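Participant: There's a structure below that I have some questions on.
The values are calculated or read from the model by the stated rules, or taken from the named source; none is laboratory data. Keep in mind the model is a prediction, meaning the values are calculated, not measured. Glycine gets a Cβ as well: all are built from the backbone with ideal geometry, and neighbour counts include every protein chain shown.
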């Protein structure tokens, strides 16, 4: 009997710098066209980005972990959220520059 196929989940580690040096997010890079559309049209940007982040080590001002998901993304400082988006875009544009993490 043939093995059942499953869509692989490919991820990359996205690293922040500057004031956020040490912050990392593991993000899915083989996204659906629907997610890509949501990212480019901003219909529901937080929900779209939330589907990409599989884990992170982000913490708040008290050093407490920030939960993954839409609420966690909305709680990020704007400059960190924008950096996360830029770094993700860099990884998609230059996929060989960052190693693949097993999904």
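Participant: Just for the range 20-37: of the residues that are out of contact with any strand residue (DSSP E or B) (no Cβ under 9 Å at 6 or more places or on another chain) and free of Cβ contacts under 8 Å to residues at least 40 places away in the same chain, which one is nearest to residue 85 (Cα to Cα)?
Facilitator: Once the filter is applied, the top-ranked residue is 36.
Participant: Taking the criterion of being in contact with a strand residue (DSSP E or B) (Cβ under 7 Å, 6 or more places away or on another chain) and modelled with pLDDT under 95, would at least one residue in the range 45-65 satisfy it?
Facilitator: yes
Participant: Name the residues in the range 17-34 that are farther than 21 Å from residue 78 by Cα and surrounded by 15 or more Cβ atoms within 10 Å (Cβ to Cβ), would you?
Facilitator: Once the filter is applied, which keeps residues that are farther than 21 Å from residue 78 by Cα and surrounded by 15 or more Cβ atoms within 10 Å (Cβ to Cβ), the range 17-34 yields 28, 29, 31.
Participant: May I pose another question? How many residues are in contact with a helix residue (DSSP H, G or I) (Cβ under 9 Å, 6 or more places away or on another chain) and either surrounded by 15 or more Cβ atoms within 10 Å (Cβ to Cβ) or touching a residue at least 12 places away in the same chain (Cβ under 8 Å) (or both) when one looks only at the range 38-78?
Facilitator: Number satisfying all stated conditions: 22.
Participant: Is there a residue in the range 85-96 that is at positive phi and either surrounded by 11 or more Cβ atoms within 10 Å (Cβ to Cβ) or modelled with pLDDT of 90 or more (or both)?
Facilitator: Here is the first cut: in the range 85-96, the residues at positive phi are none.
No, there is no match, as no residue in the range 85-96 is at positive phi and either surrounded by 11 or more Cβ atoms within 10 Å (Cβ to Cβ) or modelled with pLDDT of 90 or more (or both).
Participant: A further question on this structure: Failed condition for residue 14, given (1) more than 30 Å from residue 61 (Cα to Cα); (2) crowded, with 16+ Cβ neighbours inside 10 Å, with all others met?
Facilitator: (1)
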